[in-house]
Amino acid sequence: MNQKIVITINREYGSGGRTIGEMLSEDIGLHYYDKEILKLAADDSGISEALFNNADKNFRDTRLFKVARSVYSGELIPPESNDFTSNQNLFNYQAKIIRELAQEESCIIVGRCGNFILKDMENVVRVFIHAPHYFLLQEALKKKSLPPRELEQYVEKENKRRAAYNLYYTGQDWADAHNYDLCLDSSKLGFERCVEIIKGYMQVRFDGLTF
């Protein structure tokens, strides 16, 4: 690739967004960042990686998170503060890593509100992968061996959590097309075609781009 470009991918659980990100990474040779960001943030902050993991897993869609309360603005809470290991500061450090990666290299960043954190950067392609309910369940079943009703509840709960997490830290509707450059239905396109469309968009938008 002859230009520095960052692709952020937000996705519904079961839509195959992570798989599409991995396929795109292999196809065009860009580093793929997902949970690795937690380790990098832990190393940078000195905070236990387990705390970052737990903050992600334990975020809940409660009334507390129905409105935006902690929209990210770039500040870090200093170590001497009682809030240094708060969920807000854990998010802040993840955001710091995401911004540093975007400034240093071309890469693919999956989830973690990357589209919002990098909203002021012109070289970012923001992608949202979604699919109908039946397809989300079909794909989820490949990873979760659960009875139909439990699987449906799990998928619904996970996508509500992602939407609430995004609203809490960005003030934005997770699934609002205005927040993305591309919104792709993976059930209609298939994973490989999604990869090709993202590549095609990049080549049109960034004139002269080669892979």
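Comparing Ser73, Ser15, Ser106, which has the greatest mean-square fluctuation in the GNM of the chain with Cα pairs linked when under 10 Å apart?
Ser73
By count of other Cβ within 10 Å, fewest leading, how are Glu139, Glu26 ordered?
Working: Glu139 21, Glu26 11.
Ascending Cβ contact count within 10 Å gives the list Glu26, Glu139.
Taking other Cβ within 10 Å of each residue's Cβ, how do Cys107, Cys113, Cys183 sort, fewest first? Can you show the working numbers first?
Numbers: Cys107 19, Cys113 25, Cys183 16.
Listing Cys107, Cys113, Cys183 from fewest to most nearby Cβ atoms yields Cys183, Cys107, Cys113.
Could you compute the net charge surrounding Asn10? Neighbours are other residues with a C-beta less than 10 Å from the C-beta of Asn10; K and R count +1, D and E count -1.
On the way: positive: Arg11, Arg112, Arg126, Arg162; negative: Glu12.
That sum, taken over residues with Cβ under 10 Å, equals +3.
Need one number: nm distance between label points at Asp120 and Ile197, each 7 Å from Cα along Cα→Cβ, rounded to one decimal.
3.1
Which shape class, rounded, prolate or oblate, goes with the stretch 27-148 when its Cα gyration tensor gives a ≥ b ≥ c as root eigenvalues, a/c under 1.5 marks rounded, and past that a/b bigger than b/c marks prolate?
Numbers: a/c = 1.72, a/b = 1.25, b/c = 1.38.
Oblate.
With 10 angstrom as the radius, rank Asp56, Asp34 by how many other C-beta atoms surround their C-beta, starting from the fewest. Each step should come with its number before you reach the end.
Working: Asp56 18, Asp34 15.
The order, fewest Cβ neighbours first, is Asp34, Asp56.
Students often get this wrong, so check it: of Lys39/Lys144; Lys4/Lys144; Lys57/Lys96; Lys4/Lys142, which have C-alpha atoms separated by over 32 Å? All intermediate terms of the calculation are to be shown ahead of the outcome.
Details: Lys39/Lys144 25 Å; Lys4/Lys144 37 Å; Lys57/Lys96 20 Å; Lys4/Lys142 35 Å.
Checking Cα-Cα distances, Lys4/Lys144; Lys4/Lys142 exceed 32 Å.
Give me the Kirkwood hydrodynamic radius of the chain in Å, from all C-alpha pairs, to one decimal place? Write down the numbers at each step before the final one.
On the way: mean 1/r = 0.0560 Å⁻¹.
For the chain, the Kirkwood estimate is 17.9 Å.
Just to be sure I understand: with springs between alpha-carbon atoms less than 10 Å apart, which residue in Phe84, Phe52, Phe116 has the highest mean-square fluctuation in the Gaussian network model of the chain?
Its mean-square fluctuation being the largest, the pick is Phe84.
Would you list, by chain and number, the aspartates and glutamates whose Cα falls below 14 Å from the Cα of Lys35, excluding same-chain residues fewer than 8 positions away?
Excluding near neighbours in sequence, the set is Glu22, Asp43, Glu49, Asp56.
Any read-out appearing in this document is the output of simple, stated calculations on the displayed coordinates, not a laboratory observation. All figures in this text were calculated on a predicted structure; none of them were measured in a lab. For neighbour counting, all protein chains shown are included, and Cβ atoms are generated from backbone atoms with ideal geometry for every residue, glycine included.
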